[in-house]
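What follows is one structure encoded as C-alpha cells, with my remarks underneath.
The values are calculated or read from the model by the stated rules, or taken from the named source; none is laboratory data. Since this is a predicted model, take the numbers as computed values, not measurements. Note that we place each Cβ from the backbone using ideal geometry, even for glycine, and neighbour counts take in every protein chain shown.
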Amino acid sequence: MKSLTRPVLIGDGIVGVSTRHHLTQEGWSEVVLAECDELTSGIAWHSAAQVTNFATNQTMAGLESLSIRPCKKLAEDPDNPINDHFGDGGIRLAITEAQMRGHRHFASMASAMDVHFEAIDAEECARRHSLIFIKSLMGGLRGPREGGLDPAQLCLAFARRARGASAEVNRNMPDLGLTRNADDSWSVHAERSDTDCDVVVNACGNRVNDVAIRNA
C-alpha cells in the first residue's frame, strides 16, 4: 500500500467501493482501499440487492434517491455490464387498515421529495401481480421505480470507475492492524507495508464490529 494517503477504506463490498467512488467524484485522488479477501467476497455477493425508495421518513427517501442515481448511471454504461431491473416496480402489502393509512401517509410524504409511490387496493395488487392472494388483503403501496440488480456486478463497476480515478485497491490482506496516533491520524499496518492516513473508514459489513474491537 501507499505509505501516505488521506483515507483508507477497509472492506471491498458495496459500502467500500461506493464510498471510494463518491470520494473520487469529489476530487479525492489519494484513496486507498484494503480488502482481506477478494472483491465482493463478503455479504455483497449474495445480498438481495433490492433497489427501493421506501423509507420511514423524507430524509431517508431522499438519500435513497441519491444512492440509486449512480447505480442507474453505471448500469447504462456499456463498459459496466450489470444485470439490472430498474423500474420493474414493487408492492408492499397491507393486511390492516392501520398499515394502509401508513402507506397513504408515506406516499404523500415521499411526493415532497419527488419520489413517486401510490396506495392501491387489493384488486389492483392482484392485477399487478398474479400470485398475490387477496383474501384478508387491504391493499398495498406500489413503487413504480423499484427493482433490483446484481450486487457483485455493481461492485465491480464501482471498482473500475474508481481505478480510473487513480484510487488504489489492495486485496488479500487478512491481518490489517490499526493504530490511532496522538494527532488523531491513523496508521494502517499490513504484512508488507504500513500506511499513514487522516481517516479510516470501516466498511466491513457483518464484520464491522470484529474489525473495530480487534483494533480498539
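Side notes on the structure shown:
- Only listed residue being modelled with pLDDT of 85 or more and in a loop (DSSP other than H, G, I, E, B), chosen from PHE86, PHE54: PHE54
- Among (1) modelled with pLDDT of 75 or more; (2) outside any strand (DSSP E or B) - the single one LEU9 does not satisfy: (2)
- Residues that are without any contact (Cβ under 8 Å) to a residue 40 or more places away in the chain and either surrounded by fewer than 13 Cβ atoms within 10 Å (Cβ to Cβ) or polar (S, T, N, Q) (or both), drawn from the stretch 87-143: ALA98, GLN99, HIS105, SER108, SER111, GLU123, ARG127, SER130, LEU131, PHE133, LYS135
- Within the stretch 54-84, tally of residues that are under 29 Å from SER108 (Cα atoms) and within 15 Å of the chain's Cα centre (by Cα): 17
- Residues of the stretch 85-131 that are within 22 Å of the chain's Cα centre (by Cα) and within 19 Å of GLY148 (Cβ to Cβ): HIS85, PHE86, GLY87, ASP88, GLY89, GLY90, ILE91, ARG92, VAL115, HIS116, PHE117.
- Selection of first residues in the stretch 174-200 that are assigned by TED's automatic domain parsing to the domain that holds VAL32 and exposed (fewer than 15 other Cβ atoms within 10 Å of the Cβ) and of second residues that are of a type in the set (A, V, I, L, M, F, W, C) and assigned to a loop (DSSP other than H, G, I, E, B), restricted to Cβ pairs under 6 Å at least 6 apart or on distinct chains, gives the following pairs, ordered by first then second residue: PRO174/CYS36; SER193/MET1.
Matching residues to (1) aromatic (Phe, Trp, Tyr); (2) closer than 22 Å to SER108 by Cβ; (3) not in a loop (DSSP other than H, G, I, E, B):
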residue: ALA126; (1), (2), (3): no, no, yes
residue: SER130; (1), (2), (3): no, no, no
residue: SER136; (1), (2), (3): no, no, no
residue: LEU141; (1), (2), (3): no, yes, yes
residue: GLN153; (1), (2), (3): no, no, yes
residue: LEU156; (1), (2), (3): no, no, yes
residue: ARG161; (1), (2), (3): no, no, yes
